[in-house]
1. Would you confirm whether any residue within region 109-130 is assigned by TED's automatic domain parsing to the domain that holds Asp90, surrounded by 13 or more Cβ atoms within 10 Å (Cβ to Cβ) and polar (S, T, N, Q)?
2. Hey, which of the strands (runs of 3 or more DSSP E) in region 198-299, taking only ones fully inside, have at least 2 residues that are closer than 16 Å to Gly333 by Cα and at pLDDT 90 or above?
3. Against the conditions (1) of a type in the set (D, E, K, R); (2) part of a loop (DSSP other than H, G, I, E, B); (3) under 30 Å from Asp90 (Cβ atoms); (4) free of Cβ contacts under 8 Å to residues at least 60 places away in the same chain, where does Glu143 fall short? Just the number, please.
4. Which residue, of Arg216, Arg239, is touching a Ser or Thr at 6+ places or on another chain (Cβ under 7 Å), assigned by TED's automatic domain parsing to the domain that holds Pro154 and surrounded by fewer than 20 Cβ atoms within 10 Å (Cβ to Cβ)?
5. Of all residues in region 173-184, which are exposed (fewer than 13 other Cβ atoms within 10 Å of the Cβ) and modelled with pLDDT of 95 or more?
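The values are calculated or read from the model by the stated rules, or taken from the named source; none is laboratory data. Computed from a predicted model, the values in this text were never measured in an experiment. Counting neighbours? That spans all protein chains shown, and the Cβs are built from the backbone with ideal geometry, glycine included.
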Amino acid sequence: MTADDATVSARNAAEERVLRFGADFDEQWRKAAPAFEDRASGSMREAFVQWRALIAELVPRHFLDPDPRGLSQSFGNPPEYGPQVETLIDSEVAGDVAHVRTTRSGALTRIHEYILQAQDEDWRIVAIEDYNGDPAEPFVAPESAEELRAATSPEAPLTELPEGERGLDHVHNFTPREVVRSAEGERETVERSLIGTLVTSTGVLTVLDAGYNNDRARPFAHTVTPGDYPVERVTVAGRNAAVRVLFSDEAPVSWHPARLPDSGHVFGVDSGSACIVDYPAYAAQTRRDKAAVWRTFGAAERPAAIEVPLPGGDRGIMVDSGTGDGSYPVYWGADNEGRVVQLVIDFMLLVYGDDDGVLRHR
């Protein structure tokens, strides 16, 4: 058998695994569907008990891991997978990993991509990702990313903090200590640790909700010198309280809002996660690569903090964001000569308002 023949054979086997899964899923769905026709609360509970049992039979036949997409946690009509709704479009094999793509019909056409791992001369499904575009393409067209990059500069001015944030002391916030945050007076330990290295080939950075599409990212107006920089976090009560990038050993003497072009210095989080990355590298990341990072992040020990591989050898940092969803400020720290020496995301776990309404760190 030639190498080309072996590749075709492997693709066919991976596709067959996906088709068998779809047929089995459809069969289990048809068994469960009548129970979901009764919308009474007790009946729905019984329907999900049956559905979970049916999925528990299905998963070991096709998957490496138990219920990787939470197949048993929802039930839809029409089904999410199977010949009623999916059409096989293509596949590819690289070593012991295969990607098989289907289109899912409906109000909006979606792409399901099955990631499979070779095991014992067969294929098992590792994950199923859902896309609204080609998973092998980047989120952002190169010309769009370049246009946003062109609006940044190392000479972009560092502006003054809002009055209510001038009492924050981010150097103190990264000092290991004990704090009292509750009315009961319970003491909690604040710990600092190194979580990885930020690698930026352009110095054009962004901070954003890590769970959403790359095309929502916008770079900071101010840029830094390209390089490799250590990243630290402080934690309290099992949560990330703040994250900082150290561009220098110099201590900051002033703090400034890390502003996005035509925007402020606060970014929103709806996925419970945040990342710091080189913007052009992040914009060039494919949907497939982003999904792989998200799977790794989901499996990380909490509170999570992982390095994110990016195109061109760049590397970002992804973390759990404080207590989860919310809006979080980002700051530049500057030295005596006005040079940026730190970037800080504050998840506001160690912040309180004094009697004058000024924010301070505990």
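1. yes
2. Working: elements: 205-209, 227-236, 239-246, 254-257, 266-269, 273-278.
Answer list for region 198-299: 205-209, 227-236, 239-246, 254-257.
3. With respect to (1) of a type in the set (D, E, K, R); (2) part of a loop (DSSP other than H, G, I, E, B); (3) under 30 Å from Asp90 (Cβ atoms); (4) free of Cβ contacts under 8 Å to residues at least 60 places away in the same chain, Glu143 is out only on (2).
4. On the way: Arg216 fails: touching a Ser or Thr at 6+ places or on another chain (Cβ under 7 Å).
Result: Arg239 is the single residue among Arg216, Arg239 that is touching a Ser or Thr at 6+ places or on another chain (Cβ under 7 Å), assigned by TED's automatic domain parsing to the domain that holds Pro154 and surrounded by fewer than 20 Cβ atoms within 10 Å (Cβ to Cβ).
5. Thr175, Pro176, Glu178
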